[in-house]
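Student: Submitted below is the structure of interest, expressed as structure tokens.
The values are calculated or read from the model by the stated rules, or taken from the named source; none is laboratory data. These numbers were taken from a predicted model, which means no experiment stands behind them. All Cβ positions, even for glycine, are placed from backbone atoms using ideal geometry, and neighbour counts span all protein chains on display.
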Amino acid sequence: MPPRALPISLPEYKSLLQNLWPNVPKRLGLAVSGGVDSMALSHLTRKLLEEKQIHEVHAFIIDHGARPESAQEASSVADILKSYGFHPQVIPLTWGADNIAKVGFETRARTARFRALAKACVTSEVDKILLAHHGDDQAETVMMRLISGSRLDGLGGMRHLSRIPECWNIHNANKVIMGRPFLTVGKDRLQATCETNDVKWFEDKTNHDPTYTRRNTMRHLLTTTPSRLPRALQRESLVSLATRAEDRNRSIKEEAEDLIAKRCQIVLNERTGSLDFKLPRNREELFKDVNPAVLQRMLIIITEKATPGRRVETRHMTNAFEKVLGAENKKHIPMFTSAGLTWTYNGEQSWTLNREPLPPVKKEQEEYVLGPGMSEWMLWDGRWWMRVETPPRHRSIVRILKDSDMKALRSKAGRISPRMRARVDDALKKQLKGHLRFTIPAIFWKVDVPEDVYGEGDEVLAALPSLGLTFQNAKYEIHFKD
């Protein structure tokens, strides 16, 4: 019979938090489901609050609504956390019965949960949130990634510190950091923590059904006693593998960032989205004693500054790796595309990355129609954050600048001040050459009433916001993605 698991002491919990942040934040968020894991996290965090080592705790309780009793459980959890001195908030997710039954519900629920947490953190001005994922969860994750053929990046499993996933188009969500202090701690110790301290928790019976989800199947496989798995595939070994892979991934990233700082020149034009970068002319200077994985990560980091994509996957960069890092003689390298960008070689190890022309479907996706007043923040084409103020009796249309708009733009230039006309000419002739001018956002006004001076249904060019060109006293805020 295995020895009884030990509860987590407060000094140990402090140490786990300091592994995440040497100076433990005074203001924290918690993601709480009401299960034994998150209630152990809540109990230990309450002790820190009682000792005044932290000052404020916001607890976000996601009610998936997948079980009839979930709403009542969420309310009960909120009452418990309020008695702890936390600021609890129940966030219900709405699903139809058909959606819950469909294949893929687990993935959709995960996405909805993370997006709800991100919005709650941004609204509550919480920039650090703790999750109760533990060593058993980590082992399940690594096992599933091994089965799917993941490489080093995936085998790191869940990170101890990371941004909230699935939130690429939620403004300021990238400023929120998730911390997972229990990734090397077994679930049995979290349960022992609750049992020892008389902490109440709620059981989701579906978690014990090995046929309910793929993760449940993996959990059943890993926790069956005695284990039928070889030692290399048992929890301790998988958690150790994840820790080593995470350390290696972190080291590669740090080396790549150091390489960029010391040996690369990067200029990002946030007005046009164009990026120029230059590597050392002497290939030996760049490649000497540098791990190829570090060089690849370097190129990914550079690419992520300009790509319209959510993230740059290594497997999608093969073409760029070969041409930028592999070819010694680049004189005859033609322009190519990768990660949503056109790559142009300028000679002497210098490259220019521009947004590739948007396909028709993408053009439709990047068109927003806004009513009067100030809009919410939107991420246009995965590159510019914008919000637009629309006048009364108007609609604003934010879309890509098209070839058919050029006549209107030139006519505007003829009716404005010489200074503004010079700016328009400079943009068209110098900054927006070729197809690049048809990859930037434009704001149009459309009048909703026939008596307006422009006439019903007419679109009027109001601004080219990324260039700072305004023609109708349009008001907006814009900045390039972080």
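Student: Looking at segment 144-166, can you tell me whether even one residue there is within 29 Å of LYS14 (Cβ to Cβ), assigned to a loop (DSSP other than H, G, I, E, B) and free of Cβ contacts under 8 Å to residues at least 60 places away in the same chain?
Tutor: Yes, there is a match, as at least one residue in segment 144-166 is within 29 Å of LYS14 (Cβ to Cβ), assigned to a loop (DSSP other than H, G, I, E, B) and free of Cβ contacts under 8 Å to residues at least 60 places away in the same chain.
Student: When ARG297 is evaluated against the numbered criteria (1) of a type outside the set (Gly, Ala, Ser); (2) farther than 30 Å from ARG423 by Cβ; (3) surrounded by fewer than 19 Cβ atoms within 10 Å (Cβ to Cβ); (4) in contact with a helix residue (DSSP H, G or I) (Cβ under 6 Å, 6 or more places away or on another chain), which criterion, by number, is the only one it fails?
Tutor: For ARG297, the exception is condition (3).
Student: Residues of segment 14-57 being of a type in the set (D, E, K, R), assigned to a strand (DSSP E or B) and in contact with a Phe, Trp or Tyr (Cβ under 9 Å, 6 or more places away or on another chain), which ones?
Tutor: GLU56
Student: I'd like to check something: does segment 325-341 contain any residue that is surrounded by 16 or more Cβ atoms within 10 Å (Cβ to Cβ) and β-branched (Val, Ile, Thr)?
Tutor: Within segment 325-341, not a single residue is surrounded by 16 or more Cβ atoms within 10 Å (Cβ to Cβ) and β-branched (Val, Ile, Thr).
Student: Related question: Identify all residues within segment 274-294 that are surrounded by 12 or more Cβ atoms within 10 Å (Cβ to Cβ) and of a type outside the set (D, E, K, R); write none if there are none.
Tutor: Within segment 274-294, SER274, LEU275, PHE277, LEU279, PRO280, LEU286, PHE287, VAL290, ASN291, ALA293, VAL294 qualify.
Student: Quick test for you: out of ASN99, ASN174, pick the one residue that is more than 30 Å from SER227 (Cα to Cα) and either at pLDDT below 90 or assigned by TED's automatic domain parsing to the domain that holds ARG387 (or both). Reasoning before the result, please.
Tutor: Numbers: ASN174 fails: either at pLDDT below 90 or assigned by TED's automatic domain parsing to the domain that holds ARG387 (or both).
The unique qualifying residue is ASN99.
Student: LEU401 - would you say it is surrounded by 14 or more Cβ atoms within 10 Å (Cβ to Cβ), at pLDDT 85 or above, farther than 26 Å from GLY309 by Cβ and hydrophobic (A, V, I, L, M, F, W, C)?
Tutor: No, not satisfied.
Residue-wise test of (1) on the phi < 0 side of the Ramachandran plot; (2) within 19 Å of the chain's Cα centre (by Cα); (3) assigned to a helix (DSSP H, G or I).
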residue	(1), (2), (3)
GLU73	yes, no, yes
ARG113	yes, yes, yes
THR123	yes, yes, yes
VAL126	yes, yes, no
ASP136	yes, no, yes
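Student: A follow-up question, please. Mind listing just one residue for me: the one in segment 312-327 that is of a type outside the set (Ser, Thr, Tyr) and touching a helix residue (DSSP H, G or I) at 6+ places or on another chain (Cβ under 7 Å) and, of those, farthest from PRO441 (Cα to Cα)?
Tutor: For segment 312-327, the residue satisfying everything is LEU325.
Student: Output the residues belonging to segment 358-373 that are surrounded by 13 or more Cβ atoms within 10 Å (Cβ to Cβ), in contact with a strand residue (DSSP E or B) (Cβ under 8 Å, 6 or more places away or on another chain) and not acidic (Asp, Glu).
Tutor: LEU358, LYS363, TYR368, LEU370, PRO372
Student: On to the next question. For segment 174-206, name all the residues that are closer than 16 Å to LEU131 by Cα, in contact with a strand residue (DSSP E or B) (Cβ under 8 Å, 6 or more places away or on another chain) and not basic (Lys, Arg).
Tutor: Result: VAL176, ILE177, MET178, GLY179, PRO181, PHE182, LEU183, VAL185, GLY186, LEU190.
Student: Moving on. Quick one: count up the residues across segment 270-317 that are without any contact (Cβ under 8 Å) to a residue 60 or more places away in the chain, assigned to a loop (DSSP other than H, G, I, E, B) and among the aliphatic types (A, V, I, L, M).
Tutor: 3
Student: Working carefully through the options VAL36, VAL24, find the one that is of a type in the set (Val, Ile, Thr) and surrounded by fewer than 18 Cβ atoms within 10 Å (Cβ to Cβ).
Tutor: Numbers: VAL36 fails: surrounded by fewer than 18 Cβ atoms within 10 Å (Cβ to Cβ).
Unique residue meeting the criteria: VAL24.
Student: Given the residues THR184, THR193, which is the only one that is closer than 20 Å to THR223 by Cα, among the hydroxyl-bearing types (Ser, Thr, Tyr) and either outside the structural domain of ALA40 (by TED's automatic domain parsing) or not in a loop (DSSP other than H, G, I, E, B) (or both)?
Tutor: THR193
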